[in-house]
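These notes concern the structure reproduced below.
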């Protein structure tokens, strides 16, 4: 049993003295684990960095067995993100989220292609946070927990959408949201067609998708939201606070 395909490395954990258990994602084979012999060695460790785009060959005696990986680097995304703390935080978050949320060996080509595009552009830094949140909405949809942001759950209006119900995942317009404002999640404009996003918008977007990832994708599997994803939210929330303070100082 074997296959050969381009893949994104999502995780690699030590196994013994020199080997690793690697987790990759491909378009046709979905999330897949395998033993990378010598994966922890000096010669191969750089190949198995989370976020790297690699060409992987998997072989196994049984189709449902762990099997073994061999890989060559196509694009060293992990190394390119190392010089920017925010880019590295985003890379760690998306890899951990995909690794923890996706079922094994179930193809999700839309998630794979979106993740591949996102990771390739992470060196652009904060500009990619909107795309990261959009990718998380795609992940939720692929897993069966898609958000309904097309119209207001109360009035049916398609304009003036400002919030999302934390229970149903449906959008709510400003007028209908007002009496329940403290119980609803903010809906950033970039998720419904807006092109300009502030740090506060990115914070609200991460809080929105994080709520449903935690409740549905991870909660139903009795897992916490990955620490890397929580840390990304905290980092972006700090950027939003700094942005707000700067705006207040300038206004004064």
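The values are calculated or read from the model by the stated rules, or taken from the named source; none is laboratory data. This is a predicted model, so every value here is computed, not measured. Every residue, glycine among them, receives a Cβ derived from its backbone with ideal geometry; neighbour counts consider all protein chains shown.
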Residue 223 is checked against (1) outside the structural domain of residue 89 (by TED's automatic domain parsing); (2) touching a residue at least 40 places away in the same chain (Cβ under 8 Å) and fails just one. What number does that condition carry? (1)
Within the stretch 66-78, identify whether any single residue is assigned to a helix (DSSP H, G or I) and buried (at least 16 other Cβ atoms within 10 Å of the Cβ), and answer yes or no. yes
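Residue-by-condition table, conditions (1) crowded, with 20+ Cβ neighbours inside 10 Å; (2) at pLDDT 95 or above; (3) in a strand (DSSP E or B):
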position: 214; (1), (2), (3): no, yes, no
position: 229; (1), (2), (3): yes, yes, no
position: 235; (1), (2), (3): no, yes, no
position: 242; (1), (2), (3): no, no, no
Just to be sure, is residue 157 free of Cβ contacts under 8 Å to residues at least 40 places away in the same chain and surrounded by 13 or more Cβ atoms within 10 Å (Cβ to Cβ)? yes
Whether any residue in the stretch 142-152 is assigned by TED's automatic domain parsing to the domain that holds residue 100, part of a helix (DSSP H, G or I), in contact with a helix residue (DSSP H, G or I) (Cβ under 7 Å, 6 or more places away or on another chain) and in contact (Cβ under 8 Å) with a residue 24 or more places away in the chain is what I want to check. yes
Within the stretch 193-212, the count of residues that are modelled with pLDDT of 95 or more and surrounded by fewer than 18 Cβ atoms within 10 Å (Cβ to Cβ) comes to 3
Would you be able to say whether some residue in the stretch 23-32 is farther than 22 Å from residue 121 by Cα and without any contact (Cβ under 8 Å) to a residue 24 or more places away in the chain? no
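Within the stretch 160-177, how many residues turn out to be in contact (Cβ under 8 Å) with a residue 12 or more places away in the chain and more than 23 Å from residue 198 (Cβ to Cβ)? Before the answer, list the steps.
Filtering the stretch 160-177 down to residues in contact (Cβ under 8 Å) with a residue 12 or more places away in the chain leaves 160-166, 168-177.
Remaining after also requiring more than 23 Å from residue 198 (Cβ to Cβ): 165, 168-170, 175-176.
Qualifying residue count for the region: 6.
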